[in-house]
Structures are given as C-alpha cells and as structure tokens.
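Here's the structure, in structure tokens; my notes come after.
The values are calculated or read from the model by the stated rules, or taken from the named source; none is laboratory data. Fair warning: this is a prediction, and the values are worked out from it, not measured in the lab. When we count neighbours, we look across all protein chains shown, and the Cβ atoms used for this are built from the backbone with ideal geometry, even at glycine. Each accessible area value is taken on the protein alone, full model and side chains, heavy atoms only, with ligands, DNA and RNA left out. Shrake-Rupley method; radii C 1.70, N 1.55, O 1.52, S 1.80 Å.
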Amino acid sequence: MNPLLNHLKPYPFARLREAMQGIDAPEGVTPIHLQIGEPKHPTPKVITDALTASLHELEKYPLTAGLHELRQACAEWVARRYDGLSLNPDNEILPVLGSREALFSFIQTVLNPASDDPKPVVISPNPFYQIYEGATILGGGEIHFANCPAPSFNPDWSSLPEDVWQRTKVLIVCSPNNPSGSVLQLEDWKEIFDLQDKYGFVIASDECYSEIYFDGNKPIGGLQAAAQLGRGTRNIVMFTSLSKRSNVPGLRSGFVAGDAELLKNFLLYRTYHGSAMSIPVQRASIAAWNDEEHVIDNRRLYQEKFDRVIPILQQAFDVKLPDASFYIWLKVPDGDDLAFTRNLWQKAAIQVLPGRFLARDTEQGNPGEGYVRIALVADVESCVKAAETMVALYRR
C-alpha cells in the first residue's frame, strides 16, 4: 500500500459520527440535518430533460476534453458572469467531474516531490475543505495553513513564515469561503497576486459557491480579479461546479478554467486517470450553464431562509448574514463547539458540524473552535424551526 495513505486524517463527518456515539436524539422528534452542505432544492427540469433526452449517447466513449459545445457553453457563461471575461474554449476550459475530484487531482499534477528539495508546500485557508489536505499529502507535499480569524474570516497570509513561502508551489483560495461565507475583494486578490509575483506559486481558486449570493452582490472571481488588475491567466486556475449552483450534486459536473499550459498538463493527467464525463451528463451540463432562471430561483430560496433564520438566531447568538454561500458560521455562546453540537442533537435532534472538525491546530490556535457550521439546505420551515429551537435552548 502507498504509505502516504497512513497520513490521511478522518473526514469531518466521520469525526462527527464518532463524536456522537452514545448520544441519542429525543424520541418522537423529527431530526433536522444541517451538518452537510448537500443541496436539497429540486433539480431543475431543464437539466433533467436534457439528460434523459441524450441517454442514447451512452453508447459512445466520451473524450476527456469533453464536447466542444460544453466548453463553449462554459466559456460563454464565464463571459456573462464575469463582465465579459474572455476565455478560449479550446485550451482554457476543461470539463471535470465536479470541483472535488478536480481539486484533488490538479494539486497532484503541480507538485513534483521527486525533484523538489526541500518538500513542496501547498498553502490552504484554515478552516478548509479537507480535499486540499488529502491531495497535498498523496502528492508528496506538505500543507501549511493560513488561519481565517474573525471578523473578516479571510486568510491571514502574513502569519506564514518566509521559508514556507519560498517552498510554496500552490496557494489555494476559497471564495466564497467554506465555512464562513466570506468573499475576497479586489484588494484581497491584489495582495495574493503580489505574493504570487514574489514567490511564483500557482493559484488554485475554489469558487464552487460563487452563485449563491445576496442582494445582487456577485462575488468577484480569481480570473476576473486578474483581468481587472491587468494580469492574464498565467499560473491561475479556477474551479467551479454545478452542484450548488444548479442543485445537481449527483451529476458530478463542473469545469476548470485558466492557464492553458497548466490545463494542457492537467488534461494529459486526466486522460490516463479515466475521468471523462459521460455525454448525457455533458448535454445536461450544457443546458444548465445556458440557463440562469433556475439559478435566480435557487438564490431566492436561500435568501428567504436567511431572511427568516438570521433575525431569529440573533436573539441568542453572535451571528450575521454571510457574504455568500448557504452556510451560517455561528459563534457558540460558551466557546465549546463540540459540546454545543452534542447538546443540540440530544435535546432537539438538530445536527450541525463543529467548527474544529473543519480546521487544524496551528501556532495561532484552531480557528474553527468556538464555531459551528450550519448548512441551510433543509426546507424553509425546518430551518426556521431549528433556529427557534436553538434560541429557546440558549437564550439567556
């Protein structure tokens, strides 16, 4: 077996299951599950119709690079979404099986532990999406974390020492952020680009929550920020997905865009990896990227949840509307996020995720401790009921 597998850490939800062993929810109470960021809104008909209409194309082998029509649809969406940002669908767009598998495999194509001495570094925000860490470990690299403290919850890049920056091969950016929902502004991207100019790393921009925002405040994307600051796509790639945008987590569809040379090598890797998207899924993806009505409706549903839930929670908790995403990053009253999580389940059958499970200990502490992540993925009334119950338990 690959000995690096022994260095992988349990996934947050495995840790949650272990932590909840022996703690039972009250009998007769319907559980409300808010711990996993799995969209529950109905899949739009425009997508399911395109999928079923193309099932006969399962008889064909798909190309790893995908259909030109899909890459074109992705490029056109980028232009609409990011103020005319122009990408070449032939070499700056690559369909992937969701952002999760793409982030995992991309990091491994950039790291070169055989020739890099000392060990190559990947820098991640903290809290973070655990795929970043797993990809780094299995790629033979070393991960370092930039904590995301309150009140901005943006990474404190200055907390990392010079010797770490000098070894850095990949900087991972997650905006809108999971779990806090914070969004980087243009000046934040300028800081990142200044660091890139100094140290020469690749930027991997995870933007899978970019389409869940409020009051028309569209989050700026990494490639968009680069264009606005007069930079090209060199050494930057963005990752996006239909899972959250279009309520199709089971479709496993997204795309990577940016530096043509990086994508050329990534395509080579994927050709051997066997990660081509089936043609019916590609057809459904084309329909999804070409339609914005269902995305607008999706945002409306999340906006309604936040509009109703946040004022209720503010009666007992220090909490605010995130910049984007469907998460609430809730500061617990007594600072013990694990005890808070256990208490909610035992007394009210409400499941949330302790923030410490989404973060790692650093010299500056564990930035997830004292917070819980609440995913507003249940229906509106269930989310409202959960908020009211939490306030009843914790209002002083």
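Here are the numbers:
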read-out	value
From Ala65, Ala50, residue being under 30 Å from Thr271 (Cβ atoms), in contact (Cβ under 8 Å) with a residue 40 or more places away in the chain, surrounded by 15 or more Cβ atoms within 10 Å (Cβ to Cβ) and out of contact with any strand residue (DSSP E or B) (no Cβ under 8 Å at 6 or more places or on another chain)	Ala50
Residue among Ser175, Ser158, Ser152 that alone is crowded, with 24+ Cβ neighbours inside 10 Å, among the hydroxyl-bearing types (Ser, Thr, Tyr) and not assigned by the TED database to the domain that holds Lys320	Ser175
In region 95-106, the residues that are surrounded by 22 or more Cβ atoms within 10 Å (Cβ to Cβ) and modelled with pLDDT of 95 or more	Pro95, Val96, Ala102, Leu103, Phe106
Single unsatisfied condition, Asn265 versus (1) open to solvent by 30 Å² or more (accessible area, probe 1.4 Å); (2) modelled with pLDDT under 95	(2)
Hey, Arg270 surrounded by 22 or more Cβ atoms within 10 Å (Cβ to Cβ), free of Cβ contacts under 8 Å to residues at least 60 places away in the same chain, touching a Ser or Thr at 6+ places or on another chain (Cβ under 9 Å) and not β-branched (Val, Ile, Thr) or not	no
Yes/no for Phe193 being touching a residue at least 24 places away in the same chain (Cβ under 8 Å) and under 16 Å from Thr362 (Cα atoms)	no
So Asp297, is it more than 22 Å from Glu59 (Cα to Cα) and surrounded by 21 or more Cβ atoms within 10 Å (Cβ to Cβ)	no
Top-ranked residue of region 217-231 - restricted to ones that are open to solvent by 30 Å² or more (accessible area, probe 1.4 Å) and in contact (Cβ under 8 Å) with a residue 12 or more places away in the chain, ranked as nearest to Glu207 (Cα to Cα)	Lys218
Filter pass, Tyr199 being within 20 Å of Ser325 (Cβ to Cβ), assigned by the TED database to the domain that holds Glu101, open to solvent by 10 Å² or more (accessible area, probe 1.4 Å) and at pLDDT 95 or above	no
Filter pass, Leu34 being of a type in the set (A, V, I, L, M, F, W, C), out of contact with any His (no Cβ under 7 Å at 6 or more places or on another chain) and under 28 Å from Ala359 (Cα atoms)	yes
Region 341-364, subset among the polar types (S, T, N, Q) and surrounded by fewer than 20 Cβ atoms within 10 Å (Cβ to Cβ), residue nearest to Trp329 (Cα to Cα)	Asn343
Among the residues listed as Ala316, Ala284, Ala276, Ala260, the single one being buried (at least 20 other Cβ atoms within 10 Å of the Cβ), more than 26 Å from Gly216 (Cβ to Cβ) and of a type in the set (Gly, Ala, Ser)	Ala284
All positions within region 82-119 that are over 13 Å from Phe255 (Cα atoms) and among the aliphatic types (A, V, I, L, M)	Leu85, Ile107, Val110, Leu111, Ala114
Qualifying position, being at pLDDT 95 or above and under 30 Å from Gln166 (Cβ atoms), among Glu76, Glu92, Glu57, Glu69	Glu92
